[in-house]
Every structure is written in C-alpha cells, then in structure tokens.
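Take a look at the structure set out below.
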There are 2 protein chains.
Amino acid sequence: MAVYTEIAEDDLAAFLEGFDLGRATAFKGIAEGVSNSNYLLETDKGRFILTVYEPARSNEADLPYFLGLMDHLAHHGFPSAKPVADRRGATLGRIAGKPAAIVEFLPGLSVKKPTHDQRRSAGAGLAWLHQAAEGFPMRRANNLGQHYWTAQFAPLVGEADKLKPGLSKTIQNDLALLEKQWPSGLPFGPIHADFFPDNVFFNGPLFAAAIDFYFACDDFLAFDVAVALNAWCFEADGSFNLTAARAFLHGYESRRPLTAAEKDALPILAHGAAMRFFLTRLEDWGATPAGALVKPHDPLEYERKLAVHREGLHLFDGPA
Amino acid sequence: MAVYTEIAEDDLAAFLEGFDLGRATAFKGIAEGVSNSNYLLETDKGRFILTVYEPARSNEADLPYFLGLMDHLAHHGFPSAKPVADRRGATLGRIAGKPAAIVEFLPGLSVKKPTHDQRRSAGAGLAWLHQAAEGFPMRRANNLGQHYWTAQFAPLVGEADKLKPGLSKTIQNDLALLEKQWPSGLPFGPIHADFFPDNVFFNGPLFAAAIDFYFACDDFLAFDVAVALNAWCFEADGSFNLTAARAFLHGYESRRPLTAAEKDALPILAHGAAMRFFLTRLEDWGATPAGALVKPHDPLEYERKLAVHREGLHLFDGPA
C-alpha cells in the first residue's frame, strides 16, 4: 500500500517510447501492492497500470513467472490484468533502472466486508483461476511453503515470546504437527497464494477479476483454497464463520469439485496457511522501527487463527 | 502523499446515493494531497476524484472556501477540478463521519523537472488563476502569512538551533526585517498559496490545470508569485536560476502585467515566502518521530533559499 519510487517525466517518456501506447496524458501513484509501486497511467491509447518492482522487495528472477502467468490467464479467458508487450514483444522492461511492466487497467472494486454471495463468487473465481492456469509451462517453487517454515521461525523465537510469553513453544508444537501431517500427492499447479479480499475485484456481488500475482507459485491447489478460507471467513473478533467458509467452498466446487483427499487435507492446509502469514507478519513486525507511520499487519491476528485451527475445522460434516 | 482513511464499500455506496453519478465501478487510493485522502472514483457517469478531509489536518470551517473557489474558477473557465454537487446542490458531504467532496477528474501530468517553456506556461497559468478568481465573494485570511511568523517561530527556537547551531538568531533577524519591510497596498485577492510543480498539470509544454487548493486564501497576488518563484526556480544545489525566474515571470506578465509596486516588492515577498515554508517544515520536522518511514520535507532546503534571499534578488534589472 505504498508508492516507493518517484518516476520523473523524462524516465516515463523514455519508457513509453518502447511501446505503441502513445503519450502519457495522466499519471498518478496508487495505493495498491506491497512489494512494488503502482501508477495509474493514461495514454492516447487507453488506461493502464504501470508497476515498478522494488529490488529490495522483489526477486527480479521471479518476474517472468508472474507476468507469464498473468498473460497465460488472460489468454485463457480469466479476468487478470494482461501485461502489455513492448515493440520488441517483451512485457518486462526497465524504468529509471528498475524492472517495470505495464498491464491493462481492470475495472472493479475490492471489498473490505464481503457478503456470503461475494464469498461464493470469489470461490468460483479462484477455481476458475486454477483451471485457466492449467498448461502454464513455467515453474516457481513456493518459497513461503511448508518446507521453509521451521527455518523461517528459528530466528524469530525471541520475537514470538515478546509478542506473547510462551508463544514460541506453541508455534514449535504447531510446526512439528504441520511437518508430520502435511499432505502429499494432492492436485498441484500454479496458485495465486495471496487470494485476499483486497486482491479480488467485484462488480456488485459478482467476481470481476483477481490482481497482484506477486506471490504466485506452484503448490497444492487446495493450499490456495486454505489461504483464502483464512482471509475470507474469519470475523474481526477472531472467530471462524463456518457459513462463510461453506459459501466460499460451494462457489469453488461449482467450478472445480475438490477431491476427497483435498477435503480431508483442508483443515491441516488451513492451519499451515495461517502459519505462513503468521511467520511473515512476525518478521515484518520485528523489522519495523517503533514510531513508524506505516504500521505492519498485526501478527496476533494470525496467531488467533492458528489457535482456531489447533482445535480443528469441520468443514464438510453436518448440514450444508 | 498518503491515503489516511480506508473507505468501506458500504460507506462509499451510501455516499454515492446522494449523487446522480450511478454506481462505483472502480475505486483506488491515490498518492496525491498531504492533508487529505484522495481516491480515483469511476462510476457509470465518468471519472472523478473523491477527497476525504482528515479532521486532524484540515479545518472543516475552511472547506466551503476551498470548494467554493474551485467551483468559481471552473465556472470562469479556469482549468481546476469542478466540485460535483449532490442531489441537494451541496458540494461538501460526509463519508464515514468525515467531510468529503467529489470533484471532476482532470487529465494532465505534473513534472518534477520543469523546462523553461513549462515555467513560462505555469506563470501564465497562475496569472489566469488570479484573473479567474476575481469576484469570488468568500474571504479567508492567510493563517500562514507574515503576521503569524514571529509567533509561529517562538516555540521552534530550539529546533532551529538543533538543525544548525546559531540558526535561530539568523531567523529572528530575518523575521524583524520581514516585519519592517513587508509591503502594503498591493493588489489583493484569492491566491493558490501552494503553486508548486506537483500541484500543476501539463499537457506537454502547456499548462493544463492547477490542483490542491487546500492552502488557498486571500493575500497579495504577488505573494503567490513569490511562493511559485521559490518552488519553480531553484536548482537542487540551492542556487537560484534567474533564467527560470524570468521565464515564469514573462509567462505571468503575458496575462497579467505586474504593477511597479509588485515588482519592487517581489524580492521581500520571496524572502517571506521562503520563511513561510521554512517554518511549517521546521514544525513538521520536529513533530516526526525518529525512524518514521514517511520523512517530512527537509527544512534545510528552505533555509538555503532564505540565505539566497538575504543577499537580495535582482529580477527585473539587466537584459531580459
């Protein structure tokens, strides 16, 4: 949610010369994205988003995967922003020395308080994304996946206990459990990996688009569902809204039914998905100086979600 | 340059119900404005900017003056964003409990490194603004004007000396000089008061629009010129570019010739205009916690401009 890079007019003009988009007629930094700077760009040819990747927060080697996936999805009918190729056919260029890309502007509104109808529609949108991504040939390991969590937590033990005395022991127990019970052999492929409400656009109650593919990677498709359940189905007080979860899952299954193994694995995947966001938030929390005007996300939000998953979820038993 | 308020979708929908603008189809926080939050708002009827005024940084009683001036300017042909009236005819409303207004979207690009042609065109734009503002019936005293500076500096003496040992004494000498030599009886009326490059849009080399009227007030028109000379005509190393100043002034005078008294007063007005920005920057500097991610503007930039003005400017002698 920040604009990090200031783009000078001559850098913008030089960058646009590589494209067949005409001259810039408007250019405004927008509060979207966390690891890059985004600008509304209007030219004689239409409206676009210019994204400048911050070297400190993005691995340049990953950018072709992200842009390639967005391009693949758009070419397979999924509403994600289509990267615009320059005159040489490349979607990744450089502006003011930093990697940058132009994508098409997508209309739509993200919601802060989704309705059950919107959850159902978002679930169907995520299944659509998984289907449209089939056949995408590039590969990117999930570097925030289960294999990395124990090593990621090791330097954060003190930070965890500072947040809440004794918390590090609980987290270590969680990590051991996740290691032991983590599934294998589930349907696998490109996932969004950050399918939160602020990365989904609606047109009224209907799913309109997904944005921000900068955590996309290859992992279990059901892990993507698990990340989304954590993001879309908890109340502000930390309680899990089962009706919300069923709405999301019904929407998902309306396009892509989950296998029995995926259904069985969802509770542990959701526990792990909560761990993934707890760990990065704990990292960011420790790295932010006291008194900073930009507050990182509260890791305790995900600590409360971990506590819910420790009790176990029963998503598919009982009446629908 | 920040989005302070997060607007929930139901608050936006409720606010838009008061207008004849249709439904929101896109909504994005943009990095424009310092004392308020700005959003790109697209509806079935067009593109707009929604501004939410932060109570901590704006005096609500001043908002009718700002919006009234923008409306007056737009009705008199000047390219400033026209406020959109709601169904009751009001331009100032409330969203999520905060004052808010919708204005028309203006195309154009602000520049970080203006050319002399752009300075000339910006000067003509400022004169146009002064002419179009004639007859605007509301009044707002300049609460950052010369009468207030001595009182404003009193609590900042220690801060000044912390910035640079002995600086407080120099500033007090400046303040005494400004008090003694401040002009009177110059042409007076509504001024923009913050006519910096980031508040001016161009279309190529041509002035396209002025934005951000949230410091507008009534003062000497030539004080507005003086603020602009400081903002448009200094090099990054602190030196004053006389050619740049002449370009700006020639542009201004192409629409509204300065009186002899205004020309005589410009050096002291420019000295005072540097003081006005030095003082607010010094205030903001002292009020910002160490380690904050959002850095305030450097007061030393304006301390260097004060030093230039102490030597005196000779704007109109010599060859044009």
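Each value in this text was obtained by applying a stated rule to the coordinates, not by laboratory testing. Values in this document were obtained by computation on a predicted structure and should not be read as measured data. So basically every Cβ, Gly included, is an ideal-geometry build from the backbone, and we count neighbours across all protein chains shown.
Find the lysine pairs in the stretch B:116-310 meeting two conditions, Cα atoms under 22 Å apart and a separation of 8 or more places or different chains, and report how many there are.
10
In whole angstrom, note down how far apart the Cα centers of the stretch B:1-62 and the stretch A:254-274 are.
39
Using the 7 Å Cα-to-Cβ label point, sort the distances from residue B:20 to its equivalents in the other copies shortest first and give them in nm to one decimal.
From this label point to the equivalent ones elsewhere in the assembly: 4.3 nm.
So for each of B:221-228, A:271-278, A:259-266 I average, over its residues, the number of other beta carbons within 10 Å; can you give me the resulting order with the highest mean first?
B:221-228, A:271-278, A:259-266
Along the stretch A:188-195, what does the Karplus equation 6.51 cos²θ - 1.76 cosθ + 1.60 (θ = phi - 60°) give for ³J(HN,Hα), rounded to whole Hz, x for Gly and Pro?
Along the stretch A:188-195, the couplings run 10, x, x, 10, 6, 6, 8, 7 Hz.
Could you check the spin-label model distance between residue B:300 and residue A:300? Points 7 Å from the Cα along Cα→Cβ, value in nm.
Label at residue B:300, label at residue A:300, 4.0 nm between them.
Just to confirm the numbers: residue B:104, label point 7 angstrom along the Cα-Cβ line, distances to the other copies in nm, shortest first?
For residue B:104, the other copies' label points sit at 2.9 nm, shortest first.
Roughly how crowded by other chains is peptide B:40-48, in terms of the mean Cβ count from those chains within 10 Å of each of its Cβ atoms?
Mean inter-chain Cβ contacts per residue within 10 Å come to 1.
Counting other beta carbons within 10 Å of each residue's own, what order do A:103, A:157 fall into, fewest first?
The fewest-first ordering by Cβ neighbours comes to A:157, A:103.
Return the distance in nm (one decimal) between the two label points of a simple spin-label model at residue B:162 and residue B:88, each offset 7 Å from Cα along Cα→Cβ.
4.6
Scattering from the C-alpha atoms of chain B alone, worked out with Debye: what is log10 I(q)/I(0) at q = 0.07, 0.08, 0.10 1/Å?
Computed log10 I(q)/I(0) values: -0.29, -0.38, -0.60.
Quick test of the membrane-span-like rule: which DSSP H helices of chain A reach at least 15 Å along their long axis (C-alpha atoms) with mean Kyte hydropathy at least -1.0?
Answer set is A:63-75, A:116-133, A:167-181, A:221-232, A:242-255, A:260-287.
Per residue of A:88-98, count partner chain C-beta atoms within 10 Å of its C-beta, then hand back the mean as an integer.
0
Within 10 Å of each candidate Cβ there may be at most 13 other Cβ atoms; applying that plus a DSSP loop requirement, which trypsin sites (Lys or Arg not before Pro) in the stretch A:55-106 survive?
Here the sparse-neighbourhood loop sites are A:57, A:87, A:88.
So if R0 is 60 Å, what FRET efficiency would residue A:139 and residue B:60 give, r being the distance between their Cβ atoms, rounded to the nearest 0.05?
Step by step, r from the Cβ atoms, then E = 0.60.
So what is the relative contact order for the stretch B:73-220, in percent, with contacts set as C-alpha pairs under 8 Å and at least six apart?
The normalised contact order for the stretch B:73-220 reaches 33 percent.
So what is the 222 nm mean residue ellipticity for chain A from helices alone, if each DSSP H run of at least 4 adds -39500 (n - 2.57) and you divide by all residues, rounding to the nearest 500 deg cm²/dmol?
Only helices count here, giving -13500 deg cm²/dmol.
Kindly put A:42, A:6 in sequence by how many other C-beta atoms sit within 10 Å of each C-beta, fewest to most.
A:6, A:42
Suppose a student asked you for the relative contact order of chain B, using Cα pairs under 8 Å spaced at least 6 residues apart; what percent would you report?
Across chain B, relative contact order equals 16 percent.
If amide hydrogens are placed 1.01 Å from N in the peptide plane, which non-local residues have theirs closer than 5 Å to the one on residue A:209?
Residues meeting the amide H criterion: A:201.
Under 11 Å from a point placed 7 Å out from the Cα of residue A:188 along the Cα-to-Cβ direction: which residues of the stretch A:57-79 have their backbone N that close?
Inside the label zone: nothing.
Only counting other Cβ atoms within 10 Å, I'd like B:186, A:178, B:242 sorted with the fewest neighbours first.
Least crowded to most crowded, the residues run B:242, B:186, A:178.
More than 20 Å apart: what percent of Cα pairs in the stretch B:9-104 qualify?
For the stretch B:9-104, the share of Cα pairs beyond 20 Å comes to 32 percent.
If one computes P(r) from the Cα atoms of the protein assembly as shown, what percent of pairs lie at distances over 51 Å?
The answer is 19 percent, as a whole percent.
Would you work out which of A:84, A:97, A:31 lies farthest towards the positive end of the dipole of the stretch A:9-104? Charges go on Cβ: Lys and Arg +1, Asp and Glu -1.
With unit charges placed on the Cβ atoms, the residue in question is A:84.
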